[in-house]
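Structure, as structure tokens:
The values are calculated or read from the model by the stated rules, or taken from the named source; none is laboratory data. All of these numbers come straight from a predicted model, not from anything done at the bench. Because the Cβ atoms are built from the backbone with ideal geometry, glycine has one as well, and the counts that use them run over all protein chains shown. Surface areas here come from the heavy atoms of the whole protein model, side chains and all, with no ligands, DNA or RNA. Shrake-Rupley method; radii C 1.70, N 1.55, O 1.52, S 1.80 Å.
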Amino acid sequence: MPSSTAPDQGDDLEACVLRFSDLDLKDSSLINPSNSLKAELDVSTKKKYSFAKKKAFALFVKTKEVPAPPFECKEKWWKCCQQLFMSQTSIHRHVATQHADEICHETASVLKQLAVTLSTSKSLKSADKRNPLKEDLTHNHEVSAWLPDTSCFSPDELISGQGSDEGEVLLYYCYCDLEDPDRICAWQTALCQLLHLTGKVRIATEGINGTVGGSKLATRLYVEVMLSCPLFKNYLCKDDFKTSRGGACCFPELRVGVFEEIVPMGISPNKLSYKKSGIHLSPGEFHKEVEKFLSWANQEQSDTVLLDCRNFYESKIGRFQGCLAPDIRKFSYFPSYVDKNLELFKEKRVLMYCTGGIRCERGSAYLKAKGVCKEVFQLKGGIHKYLEEFPDGFYRGKLFVFDERYALSYNSDVVSGKSAEAQTLNSRKPVGSDGKNVKAVTLEVD
């Protein structure tokens, strides 16, 4: 099992649940706080105000959406101030620099709406302490039948061992067509609550994506239920669940929701299907391909590109040797990066990888749709599975995770945060999602 390092929390605003019991959202001083007030706010309150502001920003950007031309893979562009923006990066920069006052006003509206939501939620809780979700499920025989029988276990047995040294964190995803995501959401919520699991689960018509933590007993029961569920038993196998040392303490709460995509790429599954992804390589097959790629004295002359699909702050602390690491802040910027750097992938064999494999499913499908690559391959199970087989292989540094552990260590390598000018494919510097030239990644292992 890998060890974990200093805590931090991934930015997952879209899935954030509004539980602001300690923040008076009706306080007008919080609507547009001065710098001195911001400095006095505690960490929890700052996060809540930050969420409201970012939600306001997202709502403002959404009002600027316009349909993209039918020949584009992307479903939407944005129009603002008589300008057309074709990437999220460009519209975000425009709004941040030109519409700060409007965002401030919208933040005030969001805070007022949240105050009403909070007030209503408190009233409902005081009126009925029961769990209506679980009661609803008991009336649905099919869904309630998917909940495990825990009568032979005491609550202490399910809860004990939730600490980072004794518990476990599961990471998994399953692409399959789901007709009723809302029913799956209700079932997953009840299941996780029954097993005292925390974490995040995203559900869509295209499948499910989850990372949950709890005691080893609870995670074992969760896996058993998922593998026996009629919706997933023909798609999931035990090997699809990546495990690491952790527990319920790795997540502040349980968040289960229904979304359009199980990994936010910003392109509707109706326009870009997971069914058109790249060729899956086992960790052993991927290892051999990377070994072959690194054997070239001059990798610029190789017909292969080793592509990291993750964000820049993930590849900064750990990556495969010789990889091309996009300078993107979130996965929804990946399509723009590809569009601006198609020449890098022309007539190349592309080896893609990410944390657990899910981003490569959509990322490889997008790259294949461009029709410029010879072949597109992806690492099955992601870095997680690779490091289980090859802890001292070609991956160097730590593995970033989106929970309070921040990163996992499988070996003693430490990758420096420096980025050196490296050889670039076709003698051309890759272009970032913001249109600027970025540097390819060279590893510096201490």
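Computed over protein heavy atoms with a 1.4 Å probe, the accessible surface of the range 274-408 works out to 35 Å² per residue. I want the local charge near Val256. Using Cβ-Cβ distances under 9 Å, sum +1 for each Lys or Arg and -1 for each Asp or Glu among the other residues. Overall, the nearby charge balance is +3. Under 5 Å between amide hydrogens, built in the peptide plane, is the criterion, and for Val256 it picks out Val201 among residues at least 5 positions away or on other chains. How much of the accessible area of the range 146-258, in percent, comes from carbon and sulfur atoms when a 1.4 Å probe is used? About 48 percent, which is the carbon plus sulfur part of the accessible surface. Protection proxy ranking, highest mean first, for peptides 285-296, 252-263, 309-320: 309-320, 252-263, 285-296, where packing is the per-residue count of other beta-carbon atoms within 10 Å, averaged. For Phe320, the residues whose modelled amide H falls within less than 5 Å of its own, excluding neighbours fewer than 5 places apart on the same chain, are Arg396. Listed values for the range 204-212 are Karplus-derived 3J(HN,Hα) couplings in whole Hz (6.51 cos²θ - 1.76 cosθ + 1.60, θ = phi - 60°), namely 8, 5, 8, x, 9, 9, x, 9, 10, and x replaces Gly and Pro. Out of all DSSP beta bridges with both ends in the range 146-258, state the antiparallel percent to the nearest 5. Within the range 146-258, antiparallel bridges account for around 80 percent of the total.
Computed over neighbours whose Cβ is under 10 Å from that of Asp240, the net charge equals +3, Lys and Arg +1, Asp and Glu -1.
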